[in-house]
Structures are given as structure tokens and as C-alpha cells.
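The values are calculated or read from the model by the stated rules, or taken from the named source; none is laboratory data. Note that the coordinates shown come from a computational prediction; the quantities given were computed from them, not determined experimentally. For neighbour counting, all protein chains shown are included, and Cβ atoms are generated from backbone atoms with ideal geometry for every residue, glycine included.
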């Protein structure tokens with residue numbers, strides 16, 4: 001059996017992952033990442049609370065698993081939090097989970113795991129792995145499509161995937177809950193975390209007001225032809241395609257079309273003006289390790305909760321591509337990830353850098 005380090009968070013999925021691996025006879029070690037949080041507000045965060053640590057320790061004791069916490073505060077602050085703030089300062093909408101998975105879980109934690117002599121690291125993500133006859137590891141969507149997390153793991157490389165295990169990826173979430181009860185885990189009824197882990201109280205607005213106040217400055221709401229309709233409360237508080245919360249009067253519903261950081265203006269327009277068929281994607285990670293040599297068709301997700309849409313992906317460089325959708329997409333948002341799929345297989349993805357008029 002293998003030596004496996006499990007990234008434990010005190011949640012249901014990672015706890016069941018550890019239990020399953022222990023039941024299979026592996027030599028299991030639990031590690032919890034201690035991440036940065038706002039000074040003085042640690043108890044309000046979504047992870048790394050004293051309660052989460054206590055629950056993870058209880059699970060580890062239940063299965064006689066060695067358990068330790070890994071200090072990743074500085075790395076998390078300098079990598080994930082700084083990226084989060086810089087993205088908003090550039091008028092983008094970031095996804096910090098991607099940076100955390102790439103640089104913290106499969107960076108800092110992986111380094112600690114290898115130092116302990118681990119053969120694999122494991123997590124409670126809902127994805128599956130498949131090895132091709134060539135030796136290539138494919139990243140597959142989770143069995144439970146409602147919980148599938150291939151979108152946030154498209155950043156992993158072949159080396160990282162070869163050293164990874166995802167024990168819960170082949171189960172529906174309901175069965176994971178049943179397993180937690182079967183294993184008599186103290187986390188069996190714990191709710192899933194929905195908020196960004198480093199935000200006190202889960203409110204990114206207050207966080208930005210404190211750490212990036214320039215993103216929360218009042219500015220003009222304008223139409224495409226420059227007509228001023230009102231004031232926005234800070235560009236960071238709006239996203240492409242948003243309709244609610246604009247507080248402007250118009251003869252028909254208006255939506256956010258674009259954000260201009262230079263002029264601090266929020267551009268709005270009608271539903272007919274919203275959407276695009278084309279976008280550019282950069283910093284692409286091709287999971288196979290090789291960029292596609294020619295244009296190809298695939299399904300594309302432009303945010304975690306979005307439905308896949310068919311498109312042609314035309315590589316324009318080793319880590320760049322131009323994407324043309326079959327139908328216009330209403331909420332292409334710079335800073336979010338575009339992830340490519342071939343049925344169950346996640347091919348990779350990158351950051352949306354721009355969209356084109358339809």
C-alpha cells in the first residue's frame with residue numbers, strides 16, 4: 001500500500017477521503033493548511049477556524065491517522081490574496097480557488113507531503129483520474145455532475161496528477177454523506193462551505209474596502225454612447241451580465257456590459273447589446289502537457305456554475321487561444337477561467353483576457 005497525505009479541512013469530503021484511504025489499507029497522514037486571514041478576524045473565516053481544526057483532529061484520531069497543520073499563511077497572502085486584490089484593481093473578476101489549488105494545495109502542501117516521503121497527496125475534490133495506455137493521466141469530471149470540480153483543478157499538470165488521488169470523485173454527494181455517517185464521523189452533518197475562505201463574514205465588499213479601496217470608488221454609469229445614467233458604488237461590486245443592483249431608471253432592463261478602470265465608468269446596455277461569440281484566453285494549462293496543434297471543437301465553461309457551450313478553440317500560441325462560440329455568451333468575464341471539455345475529459349483551460357463584439 002502507498003503512503004498518502006490527505007489535505008484535511010475539517011469538512012465532510014476530505015474527512016471521508018481520509019477514511020476511505022485508511023479503509024483501503026494505505027498509510028495515511030493528515031495535513032491541514034493554515035491559511036492567512038484578516039488579523040483579529042480569524043474566527044469569522046470559512047476555513048482554518050479552531051472548530052475546523054478540532055473536527056479534523058477528531059477524524060484523524062478516529063482512524064489513528066497522524067495529523068499536523070502546515071503554516072501556509074505567508075505563501076497564501078503573497079500568492080492568492082494579492083492575486084485577488086490585483087485582479088479587482090485591473091477591473092477583472094478573479095477566481096482565487098484556482099490560484100490556491102495550483103500554488104498552495106499542489107504547491108506548498110505537496111512539498112510537505114513529498115518531504116514526508118508520501119507517494120500521493122489526496123483531497124476531497126469531486127473529480128476522477130484515468131490513465132491512458134501512453135501513460136498520460138486524464139482529468140475526468142466527478143461522477144456527481146452537480147458537485148464536479150474539474151473546473152477548479154484544470155490548473156494541474158501531469159506531474160501533479162500522477163501524484164494525486166481523489167477518493168470521493170466516483171461517488172454522488174449523497175453517498176458521501178452516508179459514508180460519513182457509516183464511519184461515524186463528527187462532520188457527517190456539517191454544511192458545505194460556500195464562501196471564499198479568507199473573507200471574514202464572507203463579504204468581499206468589506207474586504208476590498210479595507211485592502212483595495214481604489215476599487216470601491218464611486219463613478220459614473222454610462223451607456224455605450226456615453227450617456228450618464230447614474231452612479232456606481234465601485235467597479236469591483238459589479239460583474240459582466242449583472243442586472244440587479246444598478247439602481248438606474250430606463251425604459252427596458254439594463255445589464256453590465258463592461259468596466260473601464262481608467263475612467264472608473266461602468267458601461268451598461270440592453271439585452272440585445274449583451275453577449276459575445278468570441279474571446280481570447282491566456283495562460284492556458286493543457287492537462288496533457290502539450291498544446292493542441294490545430295483548432296478543435298470542445299465544450300467550454302466560462303465560470304464554475306455556468307453550463308458548457310460548444311465552441312471552436314484555435315490555439316494562437318503555446319498558452320493562448322482564440323475561442324469562438326456557436327452562440328453568443330452573455331457573461332464572458334475577464335479574469336474568470338475558460339475551461340475546455342471533451343465529454344467527461346477536462347482538456348485544460350486558462351484565464352479569459354478579453355471578449356469581442358458579437
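Can you find a residue in the range 275-282 that is within 26 Å of residue 351 (Cα to Cα), touching a strand residue (DSSP E or B) at 6+ places or on another chain (Cβ under 6 Å) and surrounded by fewer than 17 Cβ atoms within 10 Å (Cβ to Cβ)?
yes
Examine the range 69-83 for a residue that is closer than 28 Å to residue 256 by Cβ, touching a residue at least 60 places away in the same chain (Cβ under 8 Å) and out of contact with any helix residue (DSSP H, G or I) (no Cβ under 6 Å at 6 or more places or on another chain), and state whether such a residue exists. Spell out the reasoning first.
Of the range 69-83, the ones closer than 28 Å to residue 256 by Cβ are 80-83.
So of that shortlist, the ones also touching a residue at least 60 places away in the same chain (Cβ under 8 Å) come out as 80-81.
Now drop any that are not out of contact with any helix residue (DSSP H, G or I) (no Cβ under 6 Å at 6 or more places or on another chain), which leaves 81.
The answer is yes; a qualifying residue exists.
Which of the residues spanning the range 92-135 are in contact (Cβ under 8 Å) with a residue 24 or more places away in the chain, assigned to a loop (DSSP other than H, G, I, E, B) and under 27 Å from residue 172 (Cβ atoms)?
Passing the criteria: 95, 123, 124, 125, 126.
Restricting attention to the range 157-180, does a residue exist that is free of Cβ contacts under 8 Å to residues at least 60 places away in the same chain and more than 24 Å from the chain's Cα centre (by Cα)?
Yes, because at least one residue in the range 157-180 is free of Cβ contacts under 8 Å to residues at least 60 places away in the same chain and more than 24 Å from the chain's Cα centre (by Cα).
Here's the yes/no breakdown for (1) farther than 24 Å from residue 328 by Cα; (2) within 24 Å of the chain's Cα centre (by Cα); (3) buried (at least 19 other Cβ atoms within 10 Å of the Cβ):
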position: 228; (1), (2), (3): yes, no, no
position: 249; (1), (2), (3): yes, no, no
position: 253; (1), (2), (3): no, no, no
position: 256; (1), (2), (3): no, yes, yes
position: 264; (1), (2), (3): yes, no, no
position: 268; (1), (2), (3): no, no, yes
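Which numbered condition trips up residue 291, out of (1) without any contact (Cβ under 8 Å) to a residue 60 or more places away in the chain; (2) surrounded by fewer than 17 Cβ atoms within 10 Å (Cβ to Cβ); (3) farther than 25 Å from residue 142 by Cα?
(3)
Quick grid of which residues meet (1) in contact (Cβ under 8 Å) with a residue 60 or more places away in the chain; (2) buried (at least 20 other Cβ atoms within 10 Å of the Cβ); (3) assigned by TED's automatic domain parsing to the domain that holds residue 128:
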| residue | (1), (2), (3) |
| --- | --- |
| 295 | no, no, no |
| 301 | yes, yes, no |
| 308 | no, no, no |
| 311 | no, yes, no |
| 316 | no, no, no |
| 327 | no, no, no |
| 330 | yes, no, no |
| 338 | no, yes, no |
| 344 | yes, no, no |
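In the range 26-67, how many are assigned to a strand (DSSP E or B) and modelled with pLDDT under 95? Lay out the reasoning, then the answer.
Filtering the range 26-67 down to residues assigned to a strand (DSSP E or B) leaves 27-34, 67.
From the residues that got through so far, the ones that are modelled with pLDDT under 95 too are 33-34.
Of the residues in that region, 2 qualify.
Anything in the range 161-181 that is outside any helix (DSSP H, G or I), out of contact with any strand residue (DSSP E or B) (no Cβ under 8 Å at 6 or more places or on another chain) and surrounded by 22 or more Cβ atoms within 10 Å (Cβ to Cβ)? List them, or say none.
Filtering the range 161-181 down to residues outside any helix (DSSP H, G or I) leaves 163-172.
Checking which are out of contact with any strand residue (DSSP E or B) (no Cβ under 8 Å at 6 or more places or on another chain) leaves us with 168, 171-172.
Matches in the range 161-181: 168 only.
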